[in-house]
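Novice: I'd like to ask some things about the structure below.
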Amino acid sequence: MLRMFAKIVRTGIVTEPAPDTADIDKLGIEVKRGIDRRFAGSLAIRHVDAGSCNGCELEIHALNNPYYAIERFGVHFVASPRHADALLVTGPVSRHMEAALKRTYEATPAPKWVIAAGDCACSGGEFGVSYASCGAVANVIPVDVRIPGCPPSPQQLLIGLLALLRS
């Protein structure tokens, strides 16, 4: 036990520093203003994993942690596409998810937006089009905003939401 404690003391802190919340707050306030202009105070997003490695999902989940707390800016993730204003799609669309993604898109009430998050969703990434993959989300449903990155950081995701609200 003492050897483990000594190793911890020798190693020190190896995590990355916490994000600068001032930049996040500025972005969030701009997002909130855009949401207030276009919606009645909140934007409902349905996330769809179309076949990703879950790297993008980890960053999307980080949006709800105490550092980012995206809900304070009026952005909410919903469980049903019928309650969504936008679809946030990650990963290259696998052939098995193609029909499910189309059904989810059709179930989302109009007007609806589609956000492709991550390099795989934007361009197919390293998978491209193959026997198992349809490639980019735009090959299956229309996309309004692309947020590149592998994976995109929570800050990049907020910038993408802001771009969507400004369009």
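The values are calculated or read from the model by the stated rules, or taken from the named source; none is laboratory data. Being a predicted model, the structure only gives us computed values, none of them experimental. Glycine gets a Cβ as well: all are built from the backbone with ideal geometry, and neighbour counts include every protein chain shown. Ligands, DNA and RNA are stripped out before the accessible areas are found, and what is left, the full protein with its side chains, is counted by its heavy atoms. Shrake-Rupley method; radii C 1.70, N 1.55, O 1.52, S 1.80 Å.
Novice: Name the single residue that is surrounded by the fewest Cβ atoms within 10 Å (Cβ to Cβ) among those in the stretch 6-21 being in contact (Cβ under 8 Å) with a residue 12 or more places away in the chain and in a loop (DSSP other than H, G, I, E, B).
Specialist: Across the stretch 6-21, the extreme among qualifying residues is 18.
Novice: With the requirement that a residue be in contact with an Asp or Glu (Cβ under 9 Å, 6 or more places away or on another chain) and open to solvent by 10 Å² or more (accessible area, probe 1.4 Å), what does the stretch 107-125 give you?
Specialist: 109, 111, 112, 113, 119, 120, 125
Novice: Just one of 58, 43 is surrounded by fewer than 17 Cβ atoms within 10 Å (Cβ to Cβ) and in contact (Cβ under 8 Å) with a residue 40 or more places away in the chain; which is it?
Specialist: Among 58, 43, only 58 is surrounded by fewer than 17 Cβ atoms within 10 Å (Cβ to Cβ) and in contact (Cβ under 8 Å) with a residue 40 or more places away in the chain.
Novice: Just one of (1) closer than 20 Å to residue 29 by Cα; (2) touching a Ser or Thr at 6+ places or on another chain (Cβ under 6 Å); (3) open to solvent by less than 40 Å² (accessible area, probe 1.4 Å) trips up residue 76, so point out which.
Specialist: (3)
Novice: Of the residues that make up the stretch 46-53, is at least one open to solvent by 70 Å² or more (accessible area, probe 1.4 Å), at pLDDT 95 or above and not hydroxyl-bearing (Ser, Thr, Tyr)?
Specialist: Within the stretch 46-53, one or more residues are open to solvent by 70 Å² or more (accessible area, probe 1.4 Å), at pLDDT 95 or above and not hydroxyl-bearing (Ser, Thr, Tyr).
Novice: Can you pull out the residues in the stretch 126-155 that are in contact with a strand residue (DSSP E or B) (Cβ under 9 Å, 6 or more places away or on another chain), open to solvent by less than 80 Å² (accessible area, probe 1.4 Å) and free of Cβ contacts under 8 Å to residues at least 24 places away in the same chain?
Specialist: 138
Novice: Kindly check whether there is at least one residue in the stretch 22-34 that is within 20 Å of residue 150 (Cα to Cα), loosely packed, with under 13 Cβ neighbours inside 10 Å and either at pLDDT below 95 or in contact with a Gly (Cβ under 9 Å, 6 or more places away or on another chain) (or both).
Specialist: No, there is no match, as no residue in the stretch 22-34 is within 20 Å of residue 150 (Cα to Cα), loosely packed, with under 13 Cβ neighbours inside 10 Å and either at pLDDT below 95 or in contact with a Gly (Cβ under 9 Å, 6 or more places away or on another chain) (or both).
Novice: Among 30, 57, which is the only one that is touching an Asp or Glu at 6+ places or on another chain (Cβ under 7 Å) and of a type outside the set (Phe, Trp, Tyr)?
Specialist: Testing whether each residue is touching an Asp or Glu at 6+ places or on another chain (Cβ under 7 Å) and of a type outside the set (Phe, Trp, Tyr) leaves just 57.
Novice: Here is a further query. State all residues of the stretch 22-55 that are in a loop (DSSP other than H, G, I, E, B) and hydrophobic (A, V, I, L, M, F, W, C); if no residue qualifies, say none.
Specialist: 39, 40, 50, 53
Novice: Need pairs with beta-carbon distance below 9 Å; first residue in a strand (DSSP E or B) and within the stretch 74-85, second of a type outside the set (A, V, I, L, M) and open to solvent by less than 40 Å² (accessible area, probe 1.4 Å); sequence gap 6+ or separate chains.
Specialist: 75/28
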